[in-house]
Structures are given as structure tokens and as C-alpha cells.
Amino acid sequence: MQIMDLRADDAAAIRQIAEMMVEAFREHWPEAWPNLEAALEEVHEALADERINRIAVAEDGVVLGWIGGISEYDGNAWELHPLVVRPDRQGEGIGQALVADLETRVREQGGLTVFLGTDDEDNMTSLAGRDLYPNVAEHLGQIKNLRRHPFEFYQKQGYVVVGVIPDANGWGKPDILMAKRVGGEKG
């Protein structure tokens, strides 16, 4: 496997990524990219901006995953968006390698923090399906993964839960916010 920049002129890779997005998000986040057209739009939008776009590619040229980074806060913090790995290749370290690669690129750009939001629209954590107000921090402090929600994947990469946006995706469907320091020194 090789990790490289996604090029705007690589139509074959772009199509593979879009197909992968539709398939990978279908079960738990079907509205994210419900069809090929929506997924292609997301990829082209990411390529149009000055973002980090990296892909993991197998020796035979098959795209195994894609990760993006969006510069925010004057380049001090970067949003990890999106991350997708072919469903039939998940659990093989591809996502982990892409996250590590993104962190390196962010550090090279002078970034200090990578952050992300990981939605729970399918009752995969103890935060879903309930009213988190008025004691949001209390609920967040007791978060449990009920059905393989991705927040544990990110925890294994060193990310910590830094907040939650209750009802971000509708009542009882929160967005779990996570972050990791990847660069800089205490000044």
C-alpha cells in the first residue's frame, strides 16, 4: 500500500472514492452520501479548496481509502474530513495509516491540532436517542460505545473526546467532537 496525494485529474481514483463513500456510509449514515452523484460532488469540492487530500492505494491501483484535512483557525487547527476506507478492507490498518499521514502533513503545515466530528445518527453510543440537556458534560463523561461507533477508532489513534453537539443531526442524534495535538511546543 502506498499513500499519496489525490490529484484532481485522476478520474479513476475519484470515481473509486465516490463509490467507496456510498458503500461505506450506507448502513449507519445513509444521508451522508446517499448516491454516487452526492459523493462525487463531495470529492470535487474537497479538491477545489486548498485542502489536504490523501489516498491509500494498493499495488494493483485500487484505492483503499481517502482522508481529507481542512485548514481552520488560521492553520492552527485542521478538521479531519472525511475519512473513508473500503468496507472489505476495514480493520487492516489502512485508516490508521491515513490518519497518521494526515497528522504528518498538518504538522508540516505548522498545524497544532487535528479535530473531527463523528456523528451518531444510528444509536451507536450512549449519547444517542436521549435528551442531553441540561447536563451535557455529565452525559459526555459517561459515554459508552454500544455498537462499534468510530469514536473508539479515533481514541486508539490518540484522539480525545472534547465535546458534543446535542441534536446536531436531529433530536437525539449528536455529533461527538474529538481532537489531538499533533505539533508545536508549549510556548
Out of curiosity, is P87 closer than 18 Å to Y154 by Cα and outside the structural domain of M178 (by TED's automatic domain parsing)?
-> yes
Can you run down the residue pairs with Cβ atoms below 7 Å, 6 or more apart or on separate chains, where the first is in the stretch 29-47 and in the same structural domain as Q16 (by TED's automatic domain parsing) and the partner is acidic (D, E)?
-> W29/D119; W29/E121; W33/E42; L36/E19
Candidates T125, T104, T118 - the one that is hydroxyl-bearing (S, T, Y) and over 27 Å from P166 (Cβ atoms) | T104
Since W33 meets every condition but one in (1) out of contact with any helix residue (DSSP H, G or I) (no Cβ under 9 Å at 6 or more places or on another chain); (2) outside any helix (DSSP H, G or I), which condition does it not meet?
-> (1)
What number goes with the only condition from (1) modelled with pLDDT of 95 or more; (2) in contact with a strand residue (DSSP E or B) (Cβ under 9 Å, 6 or more places away or on another chain); (3) in a helix (DSSP H, G or I) that A24 does not pass?
-> (1)
How many residues does the stretch 48-70 contain that are farther than 17 Å from T118 by Cβ, surrounded by fewer than 18 Cβ atoms within 10 Å (Cβ to Cβ) and within 16 Å of the chain's Cα centre (by Cα)?
-> 1
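The values are calculated or read from the model by the stated rules, or taken from the named source; none is laboratory data. Note that the structure is a prediction, hence the values are computed from the model and not measured. All Cβ positions, even for glycine, are placed from backbone atoms using ideal geometry, and neighbour counts span all protein chains on display.
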